[in-house]
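A short write-up of the structure that comes next.
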Amino acid sequence: MINGEHTPVRTKPWNFGLHSTEEFGELEKELVLGVIDKKRVFRYSGGDRAQSEAYRLEELYRSRTGANHALALNAGTSALVTALIGAGIGPGDEVIVPAYTYIATAAAVLIARAVPVIVEIDDSLTLDPKAFEAAITPYTKAVIPVHMRGVPCRMDEIMTIANKHGLIVIEDVAQANGGSYKGKPLGSFGRAGCFSFQQYKLVTAGEGGMLVTNDDTVYARANIYHDSAFVYWDQNVANSHPPFPGENYRLSEINAALALAQSQRIDELIVKLQQIKQTITAGIEDLSQIRLQTIPDSEGDVSYSLVFYLPTAEQAQAFSARLAKEGIPNGTINNNGFADRHIYKNWSYVMEKRGASEHDTPWNCQSYKGNVSYSPDMCPKSLDWLNRAIGIGLHQRMTEEDCQDVIQAIRVTAASM
Ligand SMILES: *Cc1c(COP(=O)(O)O)cnc(C)c1O
């Protein structure tokens, strides 16, 4: 049947929602107003440091991930930069990143003065372990697996390969806060795990980030880099490592309070999201026209994204348009009419090896002996998966009726293909 000749499956407006801000409520107000009442908006100002909101937030992430250390930061990007610099990565080093991740993952490597090496993703839309191993050179120092769209990476394979080659693993958990792999929290596998509290993540503080690690040196160095004056605030940590110049990546107490309120909702949000995703998946998994995204561990999937593939890019675009006519907002992941900042070919400053300085970049600095190259077609498998992928955003306030409409609309569209 052709759309337009029948009534769309969904006629009433779509139930839009965003996981994070949707939940702003009394707890967020209480904790944020509490900061104003206490008149303490800077974590290192007077009073008991352990009573600061930033410290309490760190305590929560230590307990959530089982890490010995946590450091609150002003962004997820800052968490990645401090993790890399904390782990001693810098000029001359190559760091492997997946072809599909927010551009900040690659930018963080460059800010640490190292060189990003871009490798293929597979049908999980996360790092392909084989492509990762094939990309290792004598200069490779680290790898950043990114748990994209809430989906845990193939951590068993990735950790085995990293250990075999003596590489540092830094997990980018910005999109998968609260997710796990085989029962172990994401962020607890590598040398460090990096979270973001930006608005589009599962929980938000507007802006904010968190680094977790078991490594004392990473923690000390991350502290030093996150604050140019760190040695004056905390003698204990600072004494464990000689200071060097840092930035200012500190988290404000207001943002910390908001992140603290929101982070208490993570598990409850994921339970709801998993129910929704499982309902929809069960209603479409028998369809022969589509193939569901491979999820390396569905029990650890944060579950705010449903992805499936069509056999060709053209079919994916046709499917996407018909599904939209059935009243279900969706998008193909690549070729969606805009340059998606999550796809490597659109990272112009990486593709063109451009830094802030014209004559001194991580690629042309004296320490770098490798010869990485980039081109928009360097990861054809990744582009193929992304071209053929259709994504539907899920949120915790979707009703049973919303789920049934998604199922029905996908079934009607599949039957029309
Ligand atoms: C959002 C995001 C970041 C960066 O987080 P910010 O808080 O925006 O700096 C890094 N990596 C991934 C995969 C992200 O989605």
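Any read-out appearing in this document is the output of simple, stated calculations on the displayed coordinates, not a laboratory observation. All figures in this text were calculated on a predicted structure; none of them were measured in a lab. As a convention, Cβ positions derive from the backbone with ideal geometry for all residues, glycine included, and neighbour counts pool all protein chains shown.
Here are the numbers for the structure shown:
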| read-out | value |
| --- | --- |
| Taking N as its residue count, the alpha carbon Rg of the stretch 23-264 over 2.2 N^0.38 Å | 0.98 |
| Ranked by how many other beta carbons lie within 10 Å on average, peptides 378-390, 67-79 from highest | 67-79, 378-390 |
| Unit charges at the beta carbon, dipole of the chain: most positive-side option, Ser373, Leu260, Asn335 | Ser373 |
| Tensor-based shape of the chain (alpha-carbon gyration tensor, a/c under 1.5 rounded, otherwise prolate or oblate) | oblate |
| Highest-MSF residue in the chain out of Ser20, Ser375, Ser303 [GNM, Cα springs under 10 Å] | Ser375 |
| Linear extension gain, Ser288 paired with Thr312, 0.36 nm per residue minus alpha-carbon span | 7.2 nm |
| Neighbour-count order for Cys194, Cys403, fewest beta carbons within 10 angstrom listed first | Cys403, Cys194 |
| Extension reserve of the Asn248-Asn346 stretch, reckoned as 0.36 nm per residue once the Cα distance is removed | 32.4 nm |
| Cα-based Lys proximity count in the stretch 23-264, under 18 Å, for pairs eight or more positions apart or on separate chains | 5 |
| Arg354 long-range amide H proximity, modeled H, under 5 Å | none |
| The stretch 1-66: C-alpha gyration tensor shape, a/c 1.5 cut-off, then a/b vs b/c | prolate |
| For the stretch 23-264, size of Cβ-based charge dipole, Lys and Arg +1, Asp and Glu -1, in debye | 300 debye |
| Length-normalised contact order of the chain in % [C-alpha pairs under 8 Å, at least 6 apart] | 23 percent |
| DSSP H segments from the chain that extend 30 Å or more along their own axis, Cα-based, with Kyte-Doolittle mean of 1.6 or above | none |
| Fully extended contour minus Cα-Cα distance, from Ala415 to Gln264, at 0.36 nm per residue | 50.1 nm |
| Placed amide H near Tyr181: partners under 5 Å, 5+ positions off or other chain | Leu186 |
| Kirkwood Rh and Cα Rg combined as Rg over Rh, evaluated for the stretch 229-383 | 1.09 |
| 5 angstrom amide H check on Asp227, placed H, neighbours 5+ away | Glu247, Tyr249 |
| For the chain, built as a Gaussian network whose Cα springs stay under 10 Å, the top-fluctuating residue of His359, His241, His342 | His359 |
| Candidates Gly90, Gly166, Gly209, ranked by Gaussian network fluctuation over the chain, Cα under 10 Å, top entry | Gly166 |
| Phi-based couplings in Hz for the stretch 171-177 (Karplus 6.51, -1.76, 1.60; Gly and Pro marked x) | 8, 9, 9, 3, 9, 9, 4 |
